[in-house]
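All of the numbers you see were taken from the coordinates with simple rules; none came from a lab. Here the structure is a predicted model, which means the values were calculated and not measured. Note that each Cβ is placed from the backbone with ideal geometry, even for glycine, and that neighbours are counted across all protein chains shown.
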Amino acid sequence: MKKILIAALALACSATSVSAEPLMKYTYLDASYQWAHVDADGVNDSNGVDTKISYNVVDHFALEGGYNYANSGLQGLSSNIDQSTFRYGGVFYNTFCNDYDLLARVGGSHVQLDNGIADGSDNGVYAGLGLRTLLSETLEGNLDATYDSVNSIYNVQGGTWTYTATALQALSDSLALKLSAGIDADSDIFLTAGLRLTM
């Protein structure tokens, strides 16, 4: 049985790699709508926008940044909560078994919060691991686990892990449909739908 498993793994890793545009690239721009269920007493679910930019500087390394806007509210109150989150950092990646990329990312994060009564902000760091793979010639799958130390409407204590699964369906040579679902250690749920443009 052990020999069969080893042979199957060797066959998978030696299979001919397929190529697809715009999948498995590291220079891109994402823009998505995001809905989030906030698992905190007295806080409404949020709607907003999630964006990300990545630039492949050299082989195995890309710079990345992102902006996330979320609008929520406090139950029983008329004031809204506006939250802006900025991220900036880098991602290291390495390909193994042809179409599998292992990622390690690290960077800084900043959150700005306005609830109509008082403003607040927090600075921190994020780090995480990810896996990217081609599921077919036109479909890519991603798995990510990311830790962020900042306080936000999702994790008022600060410092939590978020686990995300993403699917990218190629629409043309430079455009893909992006769908993702995530959950953090505080049981907040994130759903996004948008587009990825590769350059």
Report summary line: With +1 on the Cβ of every Lys and Arg and -1 on the Cβ of every Asp and Glu, the dipole magnitude of the chain about its Cα centre, in debye rounded to the nearest 20, is 740 debye
Query raised in the report: Suppose R0 equals 22 Å; then what is the FRET efficiency for residue 143 and residue 186 from their Cβ-Cβ distance, rounded to the nearest 0.05?
Result: 0.65
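So, with +1 on the Cβ of K and R and -1 on the Cβ of D and E, and no other charges, what is the size of the charge dipole of region 52-150 about its Cα centre, to the nearest 20 debye? All intermediate terms of the calculation are to be shown ahead of the outcome.
Numbers: 4 positive and 12 negative charges, 20 e Å.
Magnitude of the dipole: close to 100 debye.
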**Report entry** Positive-end residue, the chain charge dipole about Cα centroid, Cβ charges, pick of 151, 90, 71
**Finding:** 90
Report summary line: Within region 29-56, the residues whose backbone N lies under 13 Å from a label point placed 7 Å from the Cα of residue 195 along the Cα-to-Cβ direction are 29-33
Report summary line: If one compares the long axis through the Cα atoms of helix 2-14 with the longest principal axis of the Cα atoms of the chain, the angle in degrees, nearest 10, works out at 80 degrees
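Note down the relative contact order for region 26-198 as a percent, whole number, built from C-alpha pairs under 8 angstrom at least six residues apart.
On the way: 486 pairs, mean separation 32.5, N = 173.
Dividing the mean separation by the residue count of region 26-198 yields 19 percent.
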Query raised in the report: Under the Karplus relation 6.51 cos²θ - 1.76 cosθ + 1.60, θ = phi - 60°, what is the ordered set of whole-Hz ³J(HN,Hα) values for region 138-149, x standing for Gly and Pro?
Result: 10, 10, 10, x, 10, 10, 9, 10, 10, 9, 10, 8
Query raised in the report: Taking +1 at the Cβ of each Lys and Arg and -1 at the Cβ of each Asp and Glu, which of 194, 56, 125 sits farthest along the dipole of the chain towards its positive end, judged by Cα position relative to the Cα centre?
Result: 56
Query raised in the report: Label-point separation (nm) for residue 123 and residue 98, each offset 7 Å from Cα along Cα-to-Cβ?
Result: 4.7 nm
Report task. Amide H neighbours of residue 23 under 5 Å, at least 5 residues apart or on other chains, H built in the peptide plane: list them. Result -> none
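Gain in length, residue 41 to residue 69, computed as 0.36 nm per residue apart minus the alpha-carbon separation, to one decimal in nm?
Values: separation 28, 0.36 × 28 = 10.08 nm, distance 2.10 nm.
My answer for the length gained is 8.0 nm.
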